[in-house]
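Note sheet for the following structure.
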Amino acid sequence: MLLNAKIHDIKIIHPGLAIFQVAANDWQFPEFKAGQYVILGLPCEAPRCIGALPEEKPHKPDTIIRRAYSIASANSNSRYLEFYINLVPSGELTPRLFALNIGDPLFIGSKITGIFTIDQIPLSRNLLFIATGTGLAPYMSMIRSHLLEHLDRKLCILHGARNSWELGYKAQLRHLQTYIPNFAYHTVISKPESEPTK
Ligand SMILES: Cc1cc2nc3c(=O)[nH]c(=O)nc-3n(C[C@H](O)[C@H](O)[C@H](O)COP(=O)(O)OP(=O)(O)OC[C@H]3O[C@@H](n4cnc5c(N)ncnc54)[C@H](O)[C@@H]3O)c2cc1C
């Protein structure tokens with residue numbers, strides 16, 4: 001199968017947690033709604049990252065390992081799609097994704113789908129988004145796609161993680177909270193005992 005895209009950029013949040021930006025090779029991503037997802041894939045022959053556990057079963061040669069990922073970028077961004085991904089050391093795809101570098105090829109599905117969107121919610125309703133870990137990804141797309149369109153609507157995001165250094169997008173969300181009066185960003189940490197003391 002054609003590896004029809006390449007890594008545009010990678011931002012490491014913490015070992016095993018990263019933001020991947022994926023650009024299409026000479027084709028255009030279809031239009032999508034904030035909150036939807038797409039398939040990413042890599043050949044089973046692709047190397048696994050350092051720290052990955054060995055796989056229990058070998059793959060048939062030429063298999064493309066595919067998994068669904070929520071898009072975190074704005075639906076107006078046609079240059080690349082962004083994904084917020086957690087490494088599963090025993091997993092099939094994520095150890096291969098975490099071995100990629102900028103410019104490396106991968107597969108991305110040409111169909112973007114999913115019903116976890118906010119377009120059916122009346123504009124008169126305020127929004128509370130609750131997520132742990134990479135569950136933030138579809139909300140990032142919603143915030144980036146729609147926040148500035150409806151500044152009178154109250155929007156609160158509650159993001160949980162084990163520790164503060166695993167709160168991806170923290171700087172961007174704090175920045176938005178400073179400048180957008182109706183936007184609130186709150187965080188919850190489940191392992192406060194490992195946080196540095198002031
Ligand atoms: C609609 C949709 C959207 C998704 N969006 C995202 C996203 O934005 N970011 C993201 O990181 N993942 C997302 N996922 C999960 C993703 O599709 C993969 O399941 C995940 O990345 C693991 O893939 P893998 O091949 O490495 O592990 P697999 O080989 O599929 O799994 C190996 C083992 O790890 C377990 N496992 C799977 N995921 C996790 C996890 N997160 N933590 C601990 N154990 C796990 C499995 O149950 C299995 O036992 C989404 C899934 C769906 C269905």
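Taking the residues in the stretch 151-198 that are assigned to a loop (DSSP other than H, G, I, E, B) and of a type in the set (Ser, Thr, Tyr) as candidates, determine which candidate is farthest from ASN126 (Cα to Cα). Outline the logic, then answer.
So in the stretch 151-198, the residues assigned to a loop (DSSP other than H, G, I, E, B) come out as 151-154, 162-163, 167-169, 180-182, 190-191, 195-198.
Now drop any that are not of a type in the set (Ser, Thr, Tyr), which leaves 169, 190, 197.
Numbers: TYR169: 22, SER190: 27, THR197: 36 Å.
Out of the qualifying residues, it is THR197.
Would you mind telling me which numbered condition in (1) farther than 22 Å from GLN172 by Cβ; (2) surrounded by 11 or more Cβ atoms within 10 Å (Cβ to Cβ); (3) touching a Phe, Trp or Tyr at 6+ places or on another chain (Cβ under 9 Å) ASP9 fails?
(1)
Please verify whether THR132 is hydroxyl-bearing (Ser, Thr, Tyr), touching a residue at least 24 places away in the same chain (Cβ under 8 Å) and within 19 Å of LEU87 (Cα to Cα), treating the condition exactly as stated. Steps first, answer last, please.
Numbers: hydroxyl-bearing (Ser, Thr, Tyr): yes; touching a residue at least 24 places away in the same chain (Cβ under 8 Å): yes; within 19 Å of LEU87 (Cα to Cα): yes.
Judged against the criteria, THR132 is a match.
Taking the stretch 68-93 on its own, how many of its residues are near the ligand (Cβ under 6 Å from one of its atoms), surrounded by 18 or more Cβ atoms within 10 Å (Cβ to Cβ), of a type in the set (Gly, Ala, Ser) and within 21 Å of THR117 (Cβ to Cβ)?
1
Sort out which residues of the stretch 94-108 are more than 7 Å from the ligand (Cβ to nearest atom) and buried (at least 18 other Cβ atoms within 10 Å of the Cβ), and write them in order of number.
First pass over the stretch 94-108, keeping only residues more than 7 Å from the ligand (Cβ to nearest atom): 96-108.
Correct list: ARG96, LEU97, PHE98, LEU100, LEU106, PHE107, ILE108.
When the residues of the stretch 68-85 are narrowed to those that are under 17 Å from PHE29 (Cβ atoms) and outside any loop (DSSP other than H, G, I, E, B), which ends up farthest from the chain's Cα centre (by Cα)? Talk me through it step by step, then tell me what you get.
Going residue by residue through the stretch 68-85, those that are under 17 Å from PHE29 (Cβ atoms) are 68-83.
Then keep just the ones that are outside any loop (DSSP other than H, G, I, E, B); that gives 68-70, 81-83.
On the way: ALA68: 11, TYR69: 7, SER70: 6, LEU81: 9, GLU82: 6, PHE83: 3 Å.
Among residues in the stretch 68-85 that are under 17 Å from PHE29 (Cβ atoms) and outside any loop (DSSP other than H, G, I, E, B), the one farthest from the chain's Cα centre (by Cα) is ALA68.
Do we have any residue at all in the stretch 127-150 that's more than 18 Å from the chain's Cα centre (by Cα) and part of a strand (DSSP E or B)?
yes
Regarding the stretch 171-178, can at least one residue be identified that is at pLDDT 95 or above and under 12 Å from GLY35 (Cβ atoms)?
Applying the first criterion (at pLDDT 95 or above) to the stretch 171-178 yields 171-178.
Right, trim to under 12 Å from GLY35 (Cβ atoms) and you get none.
Within the stretch 171-178, not a single residue is at pLDDT 95 or above and under 12 Å from GLY35 (Cβ atoms).
Would you mind telling me which numbered condition in (1) part of a loop (DSSP other than H, G, I, E, B); (2) more than 27 Å from SER190 (Cα to Cα); (3) within 13 Å of the ligand (Cβ to nearest atom) ILE65 fails?
It fails just one condition, (1).
Just to be sure, is PHE116 within 12 Å of the ligand (Cβ to nearest atom), touching a residue at least 60 places away in the same chain (Cβ under 8 Å), farther than 13 Å from ASN75 by Cα and assigned by TED's automatic domain parsing to the domain that holds ILE71? Can you show your working first?
On the way: within 12 Å of the ligand (Cβ to nearest atom): yes; touching a residue at least 60 places away in the same chain (Cβ under 8 Å): yes; farther than 13 Å from ASN75 by Cα: yes; assigned by TED's automatic domain parsing to the domain that holds ILE71: no.
The answer is no for PHE116.
The values are calculated or read from the model by the stated rules, or taken from the named source; none is laboratory data. Not measured: the values here are computed from a predicted model. Every residue, glycine as well, gets a Cβ built from its backbone with ideal geometry; the counts of neighbours run over all protein chains shown.
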